[in-house]
Amino acid sequence: MAHSQNSPTLLWQIQNARNHAEQTGLLRQLKDEVIGDARSKEKWVKQGILQSLVHLLQQKSTAQSPSALVNKEAYTPMSHATDLPDDDRVRLLALQLIASFAKGGSSFLVPLNAVGVVPVILTYICPRKNPAQLVLTSLRALSDMTDAASLSSRTSTEDTAVLANALFVPGYMESLCAILDAESTSSIAQEQKCLVASLISRLCKEPRYQNMLADAGILDALATLLASFVVARGEVLPFTMDELKREGLDVVIPQPAPRGLRLALILEAISVIIADSRFRTGLLLCSPAIMAVLFSSEFGERRSTIYRTWELLNKSGLVQGQSLTRSAVDYLLPVVPVTTPRYLLAQKNPTTMVFSPKVNQSTLIFTVEDREGLIGRGDTNELESPLVPWLIHLMRSGTSDHEKVTAASVLASLFKGGFMSSDREFSLSVLVVPVLCQILKDYEKESGKNPGATSVNSQTATAWAILERTPAILARLIADSVFLQRVAYDSGALNLVCRLLKDSYELSANQSPPKLWTPNPKERRDAGEDGFSACQLGPPGQLPTRAHKIRVRESSLKLITSLATFNEDYRKELVAEDILPCVTESLSETPQKPTPPKEKPKTEGDGAVLIHPSGHSPYGHNPTSVLIAACHAVRTLSRSVSNLRTALDDNGVAMPIFKLLKHVDTDVRIAACSVICNLLTESSPMRGPLIKAGIICVLCQYAKSDNAGLRLNALWALKHLVLMADKETQKQCLEELGPGWLIQLICDDTEDNSLHARIMADRRLSQEAGEDEAMDTDDGYAEAADDVWKWQAIHRNGPGFDSTRMRLADNMLRALREKEFDEVRKAREADLAIQEQGLDFIRNLISIPGQPMQAEMVNHVFSELGQERLFDILASKLRVKFLRPFSRRQSSHSGTPDGGTWSGAAGRNAGMDSRVLYPQSKIIVAVIYLLAHIAAGHPLHRQVVIAQTELLQLLAGHFNNKDVEVRRSLCHLLKNLVWCDGSEDKTNRDQRVSELEKLGFLQKLEGLQNNDAELDIRQRAKEAASSIKWNEETNGPQVMNY
């Protein structure tokens, strides 16, 4: 390209222009030169143009800093007129040039950030202080920088987290909210809204940002835009207007969505914000605009033929489920029969797996992540929101596949949060899951397009986004449902996801962005001396194709995890699809070519892989999200004994997992530790190599970690390691862990104490700063204030916006918020889980077949931990416990562990009463099984247990426990206590029987035998009662370890 003048001259003229009009012409000349010419952009960066552009934006800016945006007055966007003053034209061209440089790729992020371009751009996103064209161009520049950051190399610090940290601050979030709330129907306003939604969906990746966006009212603004599409589609019920007026909701019905506003982007932003949070999902459902346009109302259904037919089928026993309470929106959907498939009828509870905590059923080894996913999905007694059937309807009638996928993402959050009726699962199985599987089939070939391109068009980018997100959305939807997993399998999801994972490891022709042509090949492109120069480019980054394949890799691993959660047949079929080489390589940050075990080289030299000169693997760099997803996939696949003994061992997953235990990222270490739990079971051939590699020292170190999740999983893995291990290994584990530390884990409330210490430290800092003078004399807490959280949806509509429906919604949201953010409750749950695993660790230490070895280990445990001390701790686990009080701010609505509530004293001490902790079923079971194992050995140990009168009295109070496992374990314990080891043990056995009868155990067993609702409990109680009544010298029933 021929230029009218050289770069230094043009740059000098721009910097020294006599007026804005002249400067505008010069900037246009520069814009014409650099757009579409990467070489020209690099040349201008070296000349220092970026500093000049930032200087232009900083001069006499009409924008304000975040501190000036906290004013609560209503936003009034500036005119959308196309004519701009000359000074604003200069700023508009400067912003356009910055956006053009950002389009050059991730290598331009280094100089852009070096001159501080992001804070300057952010001052132009406020629609109240800037013309619409400047706001739009600044958002485009941020979007281009986000695209470039998503392709940054693994060694670069210019990632999306930097942009998120700059954008998601209170002042700028108010600007984003103002853009979304704008009432203008102009095309510029709609593009601004689309860009804001797109930025949120790409940058909001952390819970703190999600909570900030929800509290700032952005989630409600997005919900209002979603409601505007309901209005535009003509799906607002006209007969509800009278009731809406009575409730005061008619004023929040939005205008129809104007042209240019994209529903898919709005849904995607909503799904990102509400992900993995019941509270934020509740905020969406309770948004006034959603409640107004999708009003909960029946439509004469009791008089309808559909309703009468359903009732007839229900009475005849041909359908199962709740009463048919269809809202009017449900009539947009076809009727789905609510029936239970035959393969589910054989299961007592198809969506929950219950198993003995002692017995290591290798096909069902669950760790902390599973427990968090399976513990109550938060069933609610509230009526299902009509948003649910509307989203399902959108899945059927959406104008694009992008809309369908994003609608399914929101549905997955609603389903996992428990905001759907119990029979809605059948609608998902017919109207949602098959649609997602079909979309996967349709877009499967999109991954191979544009293999060497440095940029892709919008159509390809959208197709890639659909392919990247659909497997992860499907995984979230089916994760906890055996039924939906079967539907996904029948729809071909298993074969599809295996092909996608393999395709993600297919090499493309170009491994890195092509180098820019230069007439001087020896020209150096090094950065400045500090490696962060404003006049030098950074590392080139990744090709879009490679970044796309890595995202597909992560999404595919998540779907594999969900499919392998429960069903053994699916695990075997996944292994048969030969995906384990790909899964194994996904455990490494720099993966190599996935190679089946038979084709692997015998020596490392034979398996040399071509590595890029920069040190990158040709198969891409696996970020922490891929490593975690791979760990979860291995964890679910390793629940199969067959996989453990053959495929997983052959593919060598043990050592990559062991290396991840030392990863710098805590979440990766927790995920790797959860896999180790399964790899150290008795049936695993990988136990020996891992022990030789030093796994015991690593796990014992993590069992003392400050992180509760890491401490729990490490103790869980140690529990599996000592089960049926040799005596030396068991003693080494106990010695490395430390008897004192083990006692502390099972006895103390570690997390509760840590939380108390942290709160007290904060209190002391407040005292020193003079911010808090009123202190409670009992425990040092200040008088607590009520929760200051305000629902932005009501706050934004003014103090007069009030109704019964909105007050109920506000109360529900406050309850959800407190439950989700209650640190006391979280600390309590962590303590209980750790204590349970500590007790199970001791139990497995003495779970040795053969009386001599078992008795020796019992004596060793008594010697190391202290016999009396151990029994005192066990007794303490069966008593009601009073914990230190916390202020109302921390636990104002906390209930009893079993769901009850209590009220504190009146006045200022209302929030300061002691917290009561009742014995937890899982802890009771762990205590009883530990006692059963002690009683399963030498007769002297049975005598030791029977001598613990107080402990037995506490146990006697749990025969009516509602947890069936507590009653079952009591039957096991009593059978072991009355076991007779021949004629020499008869006298002691009679004494034990007499003691049990005095404590009323025989009577309680007979009560279980005659009245328990569970057949299994009645049978076990009968056997235990017969064992107590037995008084002959011949051997009784065999003593059992459980």
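The values are calculated or read from the model by the stated rules, or taken from the named source; none is laboratory data. Note that this is a predicted model, so its numbers are computed, not measured. Cβ atoms come from the backbone with ideal geometry, glycine included; neighbour counts cover every protein chain shown. Heavy atoms of the whole protein, side chains included, go into the accessibility calculation; ligands, DNA and RNA do not. Shrake-Rupley method; radii C 1.70, N 1.55, O 1.52, S 1.80 Å.
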Please work out how much accessible surface Met812 shows to a 1.4 Å probe, ignoring ligands, DNA and RNA, in Å² rounded to 10.
50 Å²
Measuring from a point 7 Å past the Cα of Lys593 along Cα-to-C-beta, which residues in the stretch 568-584 have an amide N at less than 16 Å?
581-582
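Given the Cα atoms of the stretch 186-251, and with Rh set as the inverse mean 1/r over their pairs in the Kirkwood sense, what is Rg to Rh to two decimals?
Details: Rg = 15.3 Å, Rh = 14.1 Å.
Checking Rg against Rh, the ratio lands at 1.09.
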Dipole of the stretch 156-257, positive end: most advanced residue of Asn211, Thr185, Val162 [Cβ charges, Cα centre]:
Val162
Put Thr460, Thr949 in order of accessible area, largest first, 1.4 Å probe: what do you get?
Thr949, Thr460
With every protein chain left in place and a probe of 1.4 Å, what is the accessible surface of Trp789, to the nearest 10 Å²?
20 Å²
From the protein chains alone at 1.4 Å, what is the descending order of accessible area for Tyr929, Tyr331, Tyr619, largest first?
Tyr331, Tyr619, Tyr929
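Calculate the translational D of the stretch 928-986 in whole µm² s⁻¹ from Stokes-Einstein, where the hydrodynamic radius comes from the Kirkwood formula applied to all Cα pairs, the temperature is 25 °C and the viscosity 0.890 mPa s.
On the way: Rh = 11.9 Å.
In µm²/s, the coefficient rounds to 206.
Just to make sure I understand: if all protein chains stay in place, what is the order of Asp1012, Asp569 by accessible area at 1.4 Å, largest first?
Numbers: Asp1012 20, Asp569 105 Å².
So the residues, ranked largest to smallest area, are Asp569, Asp1012.
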Over the Cα atoms of the stretch 543-606, each weighted equally, I'd like the Debye log10 I(q)/I(0) at q = 0.28 Å⁻¹, rounded to two decimals.
-1.24
Which semi-axes, in whole Å and largest first, does the equivalent ellipsoid of the stretch 826-883 have when worked out from the alpha carbon gyration tensor as the square roots of 5 times its eigenvalues?
26, 14, 8
In Å², nearest 10: area of Ile924 left accessible to a 1.4 Å probe:
0 Å²
Describe numerically, in nm with one decimal, the distance between label points set 7 Å from Cα along Cα→Cβ at Asp650 and at Asn16.
7.7 nm
Taking only protein heavy atoms and a 1.4 Å probe, what accessible area per residue, in Å², does the stretch 804-876 have with all protein chains in place?
39 Å²
